[in-house]
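What follows is a single structure, written as structure tokens, with notes after it.
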Amino acid sequence: MGLLERLRKEWFIAGIALVIAAARLEPAVGVKGGPLKPEITITYIAVSAIFFNSGLSLKTEVADSRLYATSRVICSNFNQSCWWK
């Protein structure tokens, strides 16, 4: 297996190694208050991107059943909370 083929197969690990090397060379980019603003990008943007990406990878059958079950639980809890007032 050639180096280019291996990099294509292991692109995620190679990307992580590249980002770690870049952070080692220039740590001031990710410092608090730096140009990346980690207090905003990590807190909101990165977490949202992770959940969005994991949602895209769900099979539609699983997503449909989970959405159905979740809506049933929310509706039943809402209805029960209205009854006990």
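Note on region 35-70: residues that are in a loop (DSSP other than H, G, I, E, B), at pLDDT below 85 and surrounded by 11 or more Cβ atoms within 10 Å (Cβ to Cβ) total 2.
Output the qualifying pairs, or none if there are none: Cβ atoms under 9 angstrom, residues six or more apart or on different chains, first residue in region 35-64 and under 21 Å from ALA23 (Cα atoms), second residue modelled with pLDDT of 85 or more and open to solvent by 100 Å² or more (accessible area, probe 1.4 Å). Once the first residue is under 21 Å from ALA23 (Cα atoms) and sits in region 35-64, its partners that are modelled with pLDDT of 85 or more and open to solvent by 100 Å² or more (accessible area, probe 1.4 Å) give PRO38/LYS32; GLU39/LYS32. For region 1-25, which residues satisfy the criterion of being of a type in the set (Lys, Arg) and within 27 Å of LEU36 (Cα to Cα)? The answer is ARG24, and nothing else.
The values are calculated or read from the model by the stated rules, or taken from the named source; none is laboratory data. These numbers come from a predicted model, not from an experiment. Virtual Cβ from ideal backbone geometry, glycine too; neighbours counted across all protein chains shown. Just the protein is used for accessible areas: all its heavy atoms, side chains included, with ligands, DNA and RNA removed. Shrake-Rupley method; radii C 1.70, N 1.55, O 1.52, S 1.80 Å.
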